Each structure stands twice: as structure tokens, then as C-alpha cells.
Amino acid sequence: MIIVMKPGATEEHIGAVVQRLAGVDSEAHISTGQLRTVIGAIGDRGRIQQIPWGAMSGVERAVPVLKPYKFVSREFQPEDTVIKVRSAQLGGGVFAPIAGPCAVESRDQLFRTAEAVRNAGATILRGDAFKPRTSPFSFQGLAEDGLQLLAEAREEFDLPFVAEVLDPRDVEMISGYADILRIGTRNMANFGLLSEVGRVHKPVMLKRGFTATVDEWLNAAEYIYKEGNHEVIMVERGIRTFETSTRNTLDISAAPVVKTMSHLPVIIDPSHSSGRRHLVAPLARAALAVGADGFIIDVHPDPEAALVDGDQAILPHEFAELMEQMKALAAALQVTI
Ligand code: PEP
Ligand code: MN
């Protein structure tokens, strides 16, 4: 059961709910969002249901939820979560094109890419300063210097940016720069990191673990939501299967599946799923067609010289061509892009 408090509910109202739950030997998991507090009630369902929740001051409604993930489920919130970041929007019938370099390598590389993707219609810039690399000897990112460059690019091109956070100890520092934090596929089940980003007031993109089921992925989102951060964006980025013609297999059905099960926005990453430049555009078009809320694409002005993921980066002019196709497709599907 989830107890949704009214926007103006006081500490006393919340305390009274917690006490009533304790009275039926149940636990209260309090999630304090910017707009309202929600309380997950864990215990004997029958006893919790018997409490006349509607009669308690400060309570808006009580919602029965059977799933292990409660706050991110559609039962808990039937209407879509809509996240606004500067002038960009995620969810709520708008398709958000997110693009930029996999990693920030230099000022010139970042600024050339940011200007090109902005001119083509991207609403959010991507670019990482901390890279999760398979080998500890590969380029690991420019760290705080990279975030500084991203912050300058944001002002220059009026583009909010998303950057990956790898370590719970960096969450505070990175949130001081980035507009959106991203949890990578390798960290989807890093529960300490999830709880840490759940305590900051910045939206979080949560990539699907490459071996995770949709249920496990939604449970990971629940860790963030439960801490009070209700602005979570799900990112399908491919899963590991027996297929070797692509880097990972893009589970395109995950977008409509998650949108049925959850109210959170879902976006598609055609770059890290396919790992192949020529597959990015077709998969990006598919993202719009299946009802995803956006895509996130690697763009590089010189992919051959890229320090990370050059094989999958598309050129700025290829991104511009893709965006023209996306606009035509969006018009046909009556989606705002
Ligand atoms: C990325 O987006 O740069 C990235 C490392 O992705 P993933 O975590 O999906 O591999
Ligand atoms: Mn990458």
C-alpha cells in the first residue's frame, strides 16, 4: 500500500501515518519529494487496508500496489511523470533528442559537437567526464576539468547537459555542475550509488543493466525514488544476448513495456546498444515509432580519432540528417520534437 500525502501535509500528519502503521506492525518508507511526500507501507496487507486512510488529516489517498517496486509503478501514479530541465522536457508526449560526445576530450571537440547538435535540434547535451572503461589503462575522462567545459558549453549553447556518475563520493561534486546525472549500465545494481543520487535534487537517467530484466531495472529505479528523488528517466541501452552482430541487443520492446508498467519517461540509446555507426539512425527512428520519450546518441566531429567509442559515434552532419527524418516522423505520429 502507498499512502500519498497532500502537498501541504505537515510533519505531524506524516508522523500520525507512521504511528498508525506501527500500530499494525508495519513499516513506513517515507519518500519526501519536492511536491509531496509518499509513504510506502510494508506489512500485513489486510491490516493496513483496514485503516480508514481517507479520514486522516493530510492524507490524499491510499493506493494498493502488489508489485515489489511500488513508487515507480503505474498503479501508484497513473499519469506520466514529466521532467523539465531548462527549456527541455522529458516525458508527457515530447520526444527529447539528446546528443553529444561519449566523453569530453577537449574544449574544441566538445564545443564543435555541442554547436552542431544544438543547431540540428538536440535539446540536451551529453558528454562524460568520468568513463567506466573495461581496462583500467584506457582513457578514464577529464574528471572535474571536463565538467567545467560542459558547464561552459551549456552557457554558450543554452543546452542542459547529462553526465555519468560512477562513484557515490562524486555525486555531490558532479551535481554541482550537471543538469542531469546518469547511472551507467555497469552500476544499475550499485544500490549505494542509487541511494546517493536519490538524495540530490537533480534528475537521474538510469541505464538498464546489460544483464537486467525489466523488473530488476524498475526495482533499481525504486531505490532512487524512495530516497525522495522522483525525477528518474529510464534508458534502454541494449542487453547481452547470444547475438554477436551488434555490441548488445537493443530491446526495443522495453520502451512500451516499461511505459505500461511505470509512469517514468523511457528513452533509447541506439549508440551503446548497437555499437555500430550505421545502425544508429534506424534504431533512433524506431525509438520514436515505439513511443519512447527520447534518444541519447554519441556524436563526434572525428570518430576515427575518438578516445572512447569511435565505432559508434556518428558525424555532426549525419546527426543533422537524422534529425530531419525524426522531425518528419514526429509530424506523422503527432509527437512534439
Ligand atoms: C555511455 O553512455 O557513455 C555509457 C558508458 O553507456 P552504458 O553505461 O550504457 O555502457
Ligand atoms: Mn560511450
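What the table shows:
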| quantity | calculated |
| --- | --- |
| Residue among Thr32, Gly192, Thr123 farthest towards the positive dipole end of the chain, charges placed on Cβ | Thr32 |
| Positive minus negative residues near Gly54 (Lys, Arg vs Asp, Glu; Cβ under 12 Å) | +1 |
| With Cα atoms, 0 to 90° folded angle of helix 144-157 axis to the chain main axis | 80 |
| Exceeding the 19 Å Cα-Cα cut-off - candidates Lys131/Lys259; Lys67/Lys226; Lys207/Lys259; Lys202/Lys259; Lys202/Lys327 | Lys131/Lys259; Lys202/Lys259; Lys202/Lys327 |
| Neighbour-count order for Asp158, Asp293, fewest beta carbons within 10 angstrom listed first | Asp158, Asp293 |
| Nearest-0.05 FRET efficiency for Phe191 and Ala16, computed from C-beta distance (R0 25 Å) | 0.25 |
| Residue order, fewest to most surrounding Cβ atoms within 10 angstrom, among Lys259, Lys207 | Lys259, Lys207 |
| Contact order relative to length of the stretch 146-220, as percent, for alpha carbon pairs under 8 angstrom and 6 or more apart | 27 |
| Derived scalar couplings ³J(HN,Hα) [the stretch 112-122; Karplus, 6.51 cos²θ - 1.76 cosθ + 1.60; whole Hz; x for Gly, Pro] | 4, 5, 4, 5, 5, 6, 4, 4, 7, x, 5 |
| Residues whose placed amide H lies under 5 Å from that of Asp128, excluding near-sequence neighbours | Ala103, Val104 |
| Two-site FRET efficiency, Thr260 against Asp25, from Cβ-Cβ distance with R₀ of 25 Å, rounded to 0.05 | 0.15 |
| Leading residue at positive end of dipole, the chain (Cβ point charges), from Ala163, Met5, Phe137 | Met5 |
| Charged-residue dipole, Cβ positions (Lys, Arg, Asp, Glu), the chain about Cα centre, Debye nearest 20 | 900 |
| log₁₀ of I(q)/I(0) at q = 0.08, 0.12, 0.16 Å⁻¹ - the chain, Debye sum with one point per alpha carbon | -0.38, -0.81, -1.32 |
| Ascending count of other beta-carbon atoms within 10 Å, so fewest first, for His13, His272, His230 | His13, His272, His230 |
| Summed side-chain charge close to Ala120 - residues other than Ala120 whose Cβ falls under 12 Å, Lys, Arg +1, Asp, Glu -1 | -2 |
| 222 nm mean residue ellipticity, helices alone, for the chain (DSSP H n ≥ 4; -39,500 (n - 2.57); rounded to 500) | -10000 deg cm²/dmol |
| Span from the the stretch 9-87 Cα centroid across to the the stretch 129-191 one, whole angstrom | 33 |
| In sequence order, calculated HN-Hα J values of the stretch 252-267 (Karplus, 6.51, -1.76, 1.60; Hz; x Gly/Pro) | 5, 5, 4, 5, x, 5, 5, 5, 6, 7, 9, 8, 7, x, 10, 10 |
| Extension gain from Glu60 to Thr32, taking 0.36 nm per residue of separation minus the Cα-Cα distance | 8.6 nm |
| Nearest-20 debye value, the stretch 23-148 charge dipole, Cβ charges on Lys, Arg, Asp, Glu | 200 |
| Protection-proxy order for peptides 329-335, 221-227, each taking the mean of Cβ atoms within 10 Å per residue, highest first | 221-227, 329-335 |
| Size of electric dipole in the stretch 172-220: Cβ of Lys, Arg +1 and of Asp, Glu -1, about Cα centre, debye, nearest 20 | 120 |
| Protection proxy ranking, peptides 146-154, 262-270, average beta carbon neighbours within 10 Å, highest first | 262-270, 146-154 |
| Contact order relative to length of the chain, as percent, for alpha carbon pairs under 8 angstrom and 6 or more apart | 16 |
| Extension reserve of the Gln50-Glu321 stretch, reckoned as 0.36 nm per residue once the Cα distance is removed | 91.7 nm |
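Read-outs throughout are calculated quantities, based only on the coordinates presented, and are distinct from any laboratory measurement. For clarity, every value in this text was computed on a predicted model and none was experimentally measured. With ideal geometry, Cβ positions are generated from the backbone for all residues, glycine too; neighbour counts draw on all protein chains shown.
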